[in-house]
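Below: the structure, in structure tokens.
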Amino acid sequence: MRTPFIAGNWKMFTTATECVDLCRALVERIDKVSGVETAVCPPFTHLDRARAALEGSSIGLGAQNMHWEEQGAFTGEVGPRMLTSLVRYVIIGHSERRQFFCETDETCNKKLISALAHNLAPIFCVGETRDEREAGHTNAVLARQVRVGLNGVPWTGDCVIAYEPVWAIGTGLAATGEQANETIGYIRGLVAEIAGASIAERTRIQYGGSVKAENAQEFFGQPEIDGALVGGASLDADSFAAIVRAAAEIRAKA
Ligand code: PGA
């Protein structure tokens, strides 16, 4: 059985002090909740402090992006060698990166290969826009993102996928549990085509997009959904803790 994984994407929010306070509040609330893996992904500038604040707890740490090259003349970028001693996870290809920072399926692919080569666990984001969904192109878009993104990726490490329909991110308009379950099942089928059935079976695929304490149960009760990538609600310790507990309760009953 796959262990559900709940990760918080803090985006460009929190000062260093707020980050440490939030980490401590989370340790108080969710440290050692059993049966669920948890992580938070603060901004780069706070990773060191977050690491210290989470030390000794069960809450993992992730970055929100990385460059694929180890090092070089890439002003403003952060490479995998800078991250390996700090974090376990790295979000790759978030839709905001694709939308506002020109990331493509090809750059996601380079980042995924590089992250795994450096023993980082990528959280690879895919998802369709509202226009793509309305035009009936959801599966075609996901197939392209998954096939190009995962092309040649070594399956030796832990590669998590996050299905995040762009229309559901930050809008309060979440997908339904059934919708997300069906689409994640489709993505699992794509992984099986690329990497084989046993890897597809063990690959965790999260849902992301307006997950809150109030709707978390709906997603975690679905057989294909292995947790969530949470944006807005991860910035509030009580909300994030409630989401983690919802996953743990459902897992305990399974
Ligand atoms: P949201 O963001 O939970 O605020 O919709 C999710 C994400 O961007 O990962």
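No other residue among Phe74, Phe101, Phe5 is over 25 Å from Gly227 (Cβ atoms) and within 16 Å of the ligand (Cβ to nearest atom) apart from Phe101. Ala174 meets each of the listed conditions (1) aliphatic (A, V, I, L, M); (2) in contact with a helix residue (DSSP H, G or I) (Cβ under 8 Å, 6 or more places away or on another chain); (3) within 21 Å of Cys19 (Cα to Cα) apart from (3).
The residue pairs whose first member lies in region 209-232 and is open to solvent by 20 Å² or more (accessible area, probe 1.4 Å), whose second member is assigned to a strand (DSSP E or B) and more than 8 Å from the ligand (Cβ to nearest atom), and whose beta carbons are closer than 7 Å, counting only pairs six or more residues apart or on different chains, are Glu224/Ile205. Here is the figure for region 1-30: residues that are surrounded by fewer than 19 Cβ atoms within 10 Å (Cβ to Cβ), under 15 Å from Ile243 (Cβ atoms) and not hydrophobic (A, V, I, L, M, F, W, C) total 1. Taking region 31-41 as the range and being buried (at least 16 other Cβ atoms within 10 Å of the Cβ), in contact with a strand residue (DSSP E or B) (Cβ under 8 Å, 6 or more places away or on another chain) and outside any strand (DSSP E or B) as the test, only Val36 passes. Looking at Ile123, Ile184, which is the one that is out of contact with any helix residue (DSSP H, G or I) (no Cβ under 9 Å at 6 or more places or on another chain), farther than 27 Å from Leu22 by Cα, touching a residue at least 40 places away in the same chain (Cβ under 8 Å) and surrounded by 21 or more Cβ atoms within 10 Å (Cβ to Cβ)? Residue meeting the stated conditions: Ile184. Taken over region 128-156, the criterion of being at positive phi and open to solvent by less than 50 Å² (accessible area, probe 1.4 Å) is satisfied by no residue. Restricting attention to region 198-233, the residues that are farther than 13 Å from Val160 by Cβ and within 12 Å of the chain's Cα centre (by Cα) add up to 3.
Among the residues making up region 237-250, a single one is open to solvent by 10 Å² or more (accessible area, probe 1.4 Å) and within 11 Å of the ligand (Cβ to nearest atom): Ser239. Within region 154-174, residues that are more than 18 Å from Ala121 (Cα to Cα) have Cβ atoms under 7 Å from residues that are assigned to a loop (DSSP other than H, G, I, E, B) and among the hydroxyl-bearing types (Ser, Thr, Tyr) in these pairs: Val166/Thr129; Trp167/Thr129; Ala168/Ser210; Thr171/Ser210; Gly172/Ser210; Leu173/Ser210; Ala174/Ser210, counting only partners at least 6 apart in sequence or on another chain.
The values are calculated or read from the model by the stated rules, or taken from the named source; none is laboratory data. Since the model is a prediction, treat every value here as computed from it, not as a measurement. Cβ: placed from backbone, ideal geometry, glycine included. Neighbour counts: every protein chain shown. Remember, those area values only see protein heavy atoms, side chains included, never the ligands or the DNA or RNA. Shrake-Rupley method; radii C 1.70, N 1.55, O 1.52, S 1.80 Å.
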